[in-house]
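*Asks:* What follows is a single structure, and I will ask about it in a moment.
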Amino acid sequence: MAKQCKYSCDSAAETLEWIKAIADFIKPFSFLINAHVVNFFKDRLWEAVDEDWLQCLSNESVESLLLIPSGIVQDHWPTSLKEFILTLKSLFYPREQADLKKVFPNFQPTSLNSVLAQGMNLKKKHEVEVLSDIVSSVASAVRADAVIDVGAGQGYLAQVLAFEHQLSVVAIDACSHHGKVTNARAERIKKHYMAQMRKFGTLLECEEVRAVISIGCCYNLLSEEGFANARIQYGFPMSCGVKSVNLSLGKSSRDLACQSAERWKSLGKDAGLHNFELHAFRAAFQMVLHKYFPEVGISPSIGRQGKALRRKQQRKIIKSEPQAEESTYSDLPQMACNMEEACSVTHSGESEAGNTLGVGSDVDALFTKMSLHTGSTCERTMSTYKYSLFEKFCQSGLCRLGLKPSDDINFHGIWKEVEPYVSLIGIYWSLRAAFGPLLETLILLDRLLFLQEQGDVLESVMLPIFDPAISPRNVAIIAKKPDAGISSHHSSR
C-alpha cells in the first residue's frame, strides 16, 4: 500500500519539479501547517479537520497516532485519510542510511576510543564517528589542507578531525563559552595525542573553499525573506527556483520542520501520552492568558517545562522500579483515589528552578502514566487530578512570565470548558507533525537547488549519512569543485 518516492534530485530541473509537487500538496493544508497548537482550544482548531478522520482516530491507540508522522496507516481508516498520509510520505526525502563506502573514496569507518569520546552520548558519538570519516575522505579527495568547523559547539567533531585524522582544523562557534570548553577539552586530549588544532575562532577569511558539507538542524532559527529584518542572504528561500514559486514558510512551519518521524515512532505509549497531555495543558493555559492577561501577546514561551518534568519523572520512576513493577495500568484509577492528599498548589512565590511545576513525587509518577483515553469507575477522580496538575502548570507558567496569579482566575472553569476536547489534541498534533519531514525535505531541496543553480562550478550530492534511528536529522548536502573524486549519483533516492 505504501507509495514510494517517485522524485529525483539529480538535476536542478528534477529538484524544482519535486519542490513544486510539495508546494502544490501543502497549500490545501495550511490550516494544519500554519496553526499554533497553543491555540488549539481558543481557536477550536479541531473543527477544521475532517469529521470522519477525527471520529476514526479517536478510537485509535496512542501507538497508532505516533506512527502517523512515519506514514504508517491502518487498513480500516477512511480512504481519504490513508490517501493523505501515504501521499504525504511519498513526497518525503527517504532517510535510510546510504552505503557510504560506495559514495566516498577512502571511507574507513572507525570507532572512537574513550579519550576522544569523553562527554559524548550515543547520538553524538555516532554522528562524530560517521561525519569525521566523511570529512576526512572529502578533504583527501579535494586535497584540502585545512578544515573549518562552523557551528562547532563544544568541538567534538573538530577534535576528532584534528587528533584522530591529523587534519588542521579551525573551530568556529557564536558562543564564547563553547570556545572555552573546547580549548579545555583539547588540552586534556593532548596528553594522549599530538596534532594541529587551531584555537577557537570567531572570524574566518578564506580565499578558496574546495568543498562544503552541511548537516541541517534547528530550522526554527532560520531567517526567512519577508519574516525578518533585511539581510544580505536569507536562510530560506535560497534558490531562485523556490523564489519563483512564491513559497513561504513562516515561523510555525519552520518550527514544524524540526519534528522527526523517527522520534515520534520511538516515544512509546507513556511518553506519547505525556507529550499530548503537556500540549493540552499548554493550550488550556493559553486560554488563561487570553482571558486574564491579554496584554501578554499571542503565544509567549514559558520554557521547556515538559522536557524538564519528563526527565525528572523518568529518574523517579527508575528509582521506584520494584514498586512500579507490581502495579499495572489498570491500577492507576485506584492509585489516584488513594492520593487525595498528595497534591498541593505551588504559588508563584514558592516556585524553584529544580521543581518548576511544583509537582510532588507521587503525583509525578501518576502524571507520567495517566491516560487521556482511560475510562474507569474512578474517572471523576482522574479528572480531578488532571485539573490539579493543570492548575500547577498554570501557576508555574504565570511565574515564568512574571505574572502574579489572582484569586479571580477561574482555572477550574477553563479546564471544564476544554476537557471534552482534550483527547482531540493528540490526533491534531499527530496529523500536523506528519508535515515535519515534508517541510524539512522542502528546506533541504531548496539548499540543494541553490547549489545546482550555480551550474558547472559545483558538483553537489544530498544523502542520508547517519542511522535515522540514532540521529533522525541525518541528511548531508555536500558540494565540491569538479573533479575532486566524490560520486554524485546518490542525490537521487
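The numbers here are math on the coordinates, done by the rules we state, and not lab data. Values in this document were obtained by computation on a predicted structure and should not be read as measured data. A quick note on method: Cβ atoms are made from the backbone with ideal geometry, for glycine too, and the neighbour counts reach across all protein chains shown.
*Asks:* Could you state the number of Å between the C-alpha centres of segment 121-199 and segment 429-448?
*Replies:* Between the Cα centre of segment 429-448 and that of segment 121-199, the gap is 30 Å.
*Asks:* Run the simple label-point estimate for Asp50 and Tyr234 please: 7 Å along Cα→C-beta, distance reported in nm.
*Replies:* Output for this residue pair reads 3.2 nm.
*Asks:* Just subtract the alpha-carbon distance of Glu208 and Ala174 from 0.36 nm times their residue separation and send over the number in nm, one decimal.
*Replies:* 10.0 nm
*Asks:* Can you compute the modelled spin-label distance between Gln454 and Cys217, with each label point 7 Å from Cα toward Cβ, in nm?
*Replies:* Between Gln454 and Cys217, the simple spin-label model gives 2.3 nm.
*Asks:* Where does each of 431-442, 38-49, 234-245 land if you order them by average Cβ count within 10 Å, highest first?
*Replies:* Highest-to-lowest ranking by the protection proxy: 431-442, 234-245, 38-49.
*Asks:* Fully extended, how many nm does the chain gain between His76 and Asn113 (0.36 nm per residue separation, minus their Cα-Cα distance)?
*Replies:* Length gained, His76 through Asn113: 8.3 nm.
*Asks:* What are the ³J(HN,Hα) couplings of segment 409-414, residue after residue, when phi is run through the Karplus curve with 6.51, -1.76, 1.60 and θ = phi - 60°? Round to Hz, x for glycine and proline.
*Replies:* 6, 8, 4, 5, x, 5
*Asks:* For Ser239, enumerate residues with amide H under 5 Å from its amide H, sequence gap 5+ or separate chain, H modeled in the peptide plane.
*Replies:* Distant-sequence amide H within range of Ser239: Phe450.
*Asks:* Also, I was wondering about something else. Whole-Hz ³J(HN,Hα) for each residue in segment 241-247, computed from phi via Karplus 6.51 cos²θ - 1.76 cosθ + 1.60 with θ = phi - 60°, x for glycine and proline: what do you get?
*Replies:* With coefficients 6.51, -1.76 and 1.60, one gets x, 5, 4, 5, 9, 6, 9 Hz.
*Asks:* Distance between Cα centroids, segment 3-65 to segment 243-262: provide it in whole Å.
*Replies:* Segment 3-65 and segment 243-262 have Cα centres spaced 11 Å from each other.
*Asks:* Per residue of segment 436-445, in order, report the coupling 6.51 cos²θ - 1.76 cosθ + 1.60 (Karplus, θ = phi - 60°) as ³J(HN,Hα) in whole Hz, putting x for Gly and Pro.
*Replies:* Listing the rounded values in order: x, x, 5, 5, 5, 4, 4, 5, 5, 5 Hz.
*Asks:* Which of the residue pairs Lys6/Lys27; Lys251/Lys386; Lys125/Lys251; Lys291/Lys416 have a Cα-Cα distance greater than 22 Å in the structure shown?
*Replies:* Checking Cα-Cα distances, Lys251/Lys386; Lys125/Lys251 exceed 22 Å.
*Asks:* Just subtract the alpha-carbon distance of Asp407 and Ser8 from 0.36 nm times their residue separation and send over the number in nm, one decimal.
*Replies:* Here the segment from Asp407 to Ser8 would lengthen by 137.6 nm.
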